[in-house]
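This report concerns only the one structure given below.
Readers should treat all values here as calculations from the given coordinates under stated rules, not as data from a laboratory. Remember, predicted model here, so these are calculated numbers, not experimental data. Glycine gets a Cβ as well: all are built from the backbone with ideal geometry, and neighbour counts include every protein chain shown.
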Amino acid sequence: MRELLLRKTGQKTGTYDANTKTITWTIDFNYPEYNLGDVTVSDELTKDNQGRIPQKFKKAYIQYYDKTSSKFSDTKTEITPVVSGDNHTFTIPNVTGRF
């Protein structure tokens, strides 16, 4: 059910840099600015679909969306996942706006 809610109020996009062989994922969510409380995002970083190359986590950060300027804030707050095996879980506290 939460997955359906996210599709209605956000999106996930990815970009690939062939020079650095890096994928950058962006999750934009809570368009309606609901008071969601603490939000948990979980991702499993497994090997590629051929089972050869393991994924490596580099860093994650959050940015608030500023409705006044219609863009994301310049301030990036780094968040650190809780890691259990290949699973990385991030908690974003007190979500009341768009990220």
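If you average 1/r over every pair of different alpha-carbon atoms in the chain and take one over that average, what Kirkwood value in Å do you get? Final number for the Kirkwood radius of the chain is 15.1 Å. Peptides 69-81, 23-35, 87-99 ranked from most to least packed by the mean count of surrounding Cβ atoms within 10 Å: 87-99, 23-35, 69-81. Fully extending the segment from L36 to Q63, taken as 0.36 nm per residue of separation minus the present Cα-Cα distance, adds 8.1 nm.
Once the chain from T22 to S70 is taken as fully extended at 0.36 nm per residue, the excess over their C-alpha distance is 14.5 nm. Total lysine pairs in the chain at Cα distances under 17 Å, for residues eight or more apart or on different chains: 11. With contributions of -39500 (n - 2.57) from each DSSP H run of at least four residues, the per-residue ellipticity at 222 nm computed over the chain stands at -2000 deg cm²/dmol.
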